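The values are calculated or read from the model by the stated rules, or taken from the named source; none is laboratory data. None of the values given here were measured: they were computed from a predicted structure. Glycine also receives a Cβ, built like all others from the backbone with ideal geometry; neighbour counts cover every protein chain displayed. These accessible areas exclude ligands, DNA and RNA; they are computed on the full protein's heavy atoms, side chains included. Shrake-Rupley method; radii C 1.70, N 1.55, O 1.52, S 1.80 Å.
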Amino acid sequence: MDDELDQRYMERALALAAKGRGWTSPNPMVGCVIVRGGAVIGEGYHERAGGPHAEINAIESAGGDIADATVYVTLEPCAHHGRTPPCAPELIQRRPARVVAAMEDPNPKVAGEGAAQLRAAGVAVDIGVCAEAARTLNEAYIKHITTGRPFVIAKCGMSLDGKIATRTGDSRWVTGEASRRVVHELRHAADAILTGSRTVMLDDPSLTTRLPKGREGRDPIRVVLDADEYLDSARRVFTVESPAPVWVAASEPREYPRADEVIRVLPGPGGIDMAHLMEELGARGVISVLIEGGGATHASAFEAGVVDKVMFFVAPKIIGGAEAVTAVEGRGAASLEEAIMLEAMTARPVGEDVLIEAYVARKRGSDEAFDIAGTAREAEQ
């Protein structure tokens, strides 16, 4: 066993897995590399939900013969029938010498059973190589499969002083073109994009995915919050052609003729009970939500405790003004002890802007909150 080689091949498997971003939901992204005699003889990844799993594609790439090889896979091979047959029995039939998995599958239908079947058949199994990277890659899948709720990213573009629009409502564009390109990548990766009816009325967004020319993208489900505001069905979110549906979340029994579905949720601060909405979305198979709303929508999400991760694009601009729109409105914290704490924060330049990413800090051991940053720390220990 060579730890350095294991890591190198697993990093390649993770890079392959990431190629499925946006296409595999509600399944995880998985990559696989098969090595024998110090050479890669096959590789593959899960390309789309309903299609062959990564291991099957890698076996086919190897010509079917993987006897005595080492199989590197970013997630424990499955042991249950879904849309496709399980991978663990297929690997057993092909007789590799060793299977190296980055992490155990948290799906209760697997949860160690795939590894157990392989070991019972005489195949050596090692789990934990590049575990932190594997968990981060599939953080949305892990959140949904373990809690039933979607992984929620709060995204905004703001000035250095925290404004997302001027006092007159002008918001195009606070951030630069490079940041907007990244946002479209985020839309492609998300199952749903959520915004408020006020944003729909004032900014008239289409909320579709537009990737660089030559690249196919996926539009997320558009979820619009109608918090007792008039929602004009002539807005672009309803009229721009897209294969993705538009869902309206409302606490009042109103009609929305242009919506593909109306989700009835409990009322809450700001008009919508965000925690209830996330339960409803999770029950519909939505494993990831990208919030692209105004300050009120962000405030409702943070106050309800549904946000897992923030991605704030900060532009080198000072807008100023007490009446300018801030990134997170609402009542706000009464004391610094009540402030929402973030952890595992990183910052990187995106064109002329800076992208700040961080996870919402959770109480360790809490059953009410998903702690991807905490589990990542545990994986390092």
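P(r) of the stretch 97-246 in 10 Å steps, Cα pairs, percent per bin?
Taking all Cα pairs of the stretch 97-246, the binned fractions are 9, 27, 28, 18, 12, 6, 1 percent.
So, counting K/R as plus one and D/E as minus one, what does the shell of residues with Cβ under 13 Å around residue 59 add up to?
-2
Between the stretch 41-69 and the stretch 102-116, what's the alpha-carbon centroid distance in Å?
Taking the Cα centre of the stretch 102-116 as reference, the centre of the stretch 41-69 is 19 Å away.
Run the Debye formula on the Cα coordinates of the stretch 190-312, all scatterers equal and no solvent, and tell me log10 I(q)/I(0) at q = 0.11, 0.18 1/Å.
-0.34, -0.93
Output the peptides 168-175, 27-34 sorted from most to least packed, where packing is the average of other Cβ atoms within 10 Å over each peptide's residues.
Answer by packing, highest mean first, reads 27-34, 168-175.
Computed from the coordinates I sent, Cα extents along the principal axes in Å equals one of (1) 72, 48, 47; (2) 68, 43, 42; (3) 69, 51, 37. Tell me the label.
For Cα extents along the principal axes in Å, the calculated option is (2).
What is the percent carbon and sulfur in the accessible area of the stretch 34-76, measuring with a 1.4 Å probe over the protein chains and ignoring ligands?
Reported share for carbon and sulfur atoms: 45 percent.
Taking the chain as a Gaussian network, where each spring joins two C-alpha atoms under 10 Å apart, which residue of 194, 16, 160 fluctuates the most?
160
Counting pairs on different chains as well as pairs 8 or more places apart, how many Lys pairs in the chain have Cα atoms under 28 Å apart?
Pairs that pass both the separation and distance tests number 20.
Listed highest first by mean packing, meaning other Cβ atoms within 10 Å per residue, what order do 259-270, 69-80, 127-138 come in?
Most protected by this proxy first, the peptides run 69-80, 127-138, 259-270.
What residue among 83, 94, 21 shows peak mean-square fluctuation when the chain is described by a Gaussian network model with Cα springs under 10 Å?
Highest fluctuation among the options: 83.
First compute the accessible area of the stretch 120-232 with a 1.4 Å probe, then give the percent of it belonging to carbon and sulfur atoms.
Within the stretch 120-232, the accessible surface is 49 percent carbon and sulfur.
I want to verify a result. In a Gaussian network model of the chain, Cα cutoff 10 Å, which of these has the top mean-square fluctuation: 239, 166, 195?
In this elastic network of the chain, the residue with the biggest mean-square fluctuation among 239, 166, 195 is 239.
Which of the GluC sites (Glu not before Pro) across the stretch 200-257 are loop residues per DSSP, with 11 or fewer other Cβ within 10 Å?
Filter output for the stretch 200-257: 216, 241, 255.
Can you give the % of DSSP beta bridges in the chain that are antiparallel, to the nearest 5?
Of the beta bridges lying entirely in the chain, close to 40 percent run antiparallel.
For the stretch 19-38 and the stretch 258-327, what is the centre-to-centre distance using only Cα atoms, to the nearest Å?
Centre-to-centre distance over Cα atoms comes out at 31 Å.
Under a crude label model (7 Å from the Cα following the beta-carbon direction), how far is residue 255 from residue 184 in nanometres?
Reported label-point gap for residue 255 and residue 184 is 3.7 nm.
Extending each Cα 7 Å along its Cβ direction at residue 161 and residue 95, get the distance between those two points in nm, one decimal.
Spacing of the two 7 Å Cα→Cβ label points: 7.3 nm.
With a 1.4 Å probe and every protein chain left in place, work out the accessible area per residue of the chain in Å², rounded to a whole number.
I get 47 Å² per residue for this part.
Using a cut-off of under 20 Å, list every residue of the stretch 270-284 whose amide N is near the label point 7 Å from the Cα of residue 340 along the Cα-to-beta-carbon line.
Counting only backbone N, you get 270-282.
Using a ≥ b ≥ c from the Cα gyration tensor of the stretch 1-76 (square roots of the eigenvalues), is it rounded, prolate or oblate, where a/c under 1.5 gives rounded and otherwise the larger of a/b and b/c decides, a/b for prolate? Please report the intermediate quantities before stating the final value.
Details: a/c = 2.62, a/b = 1.49, b/c = 1.76.
It comes out oblate by the Cα gyration axes.
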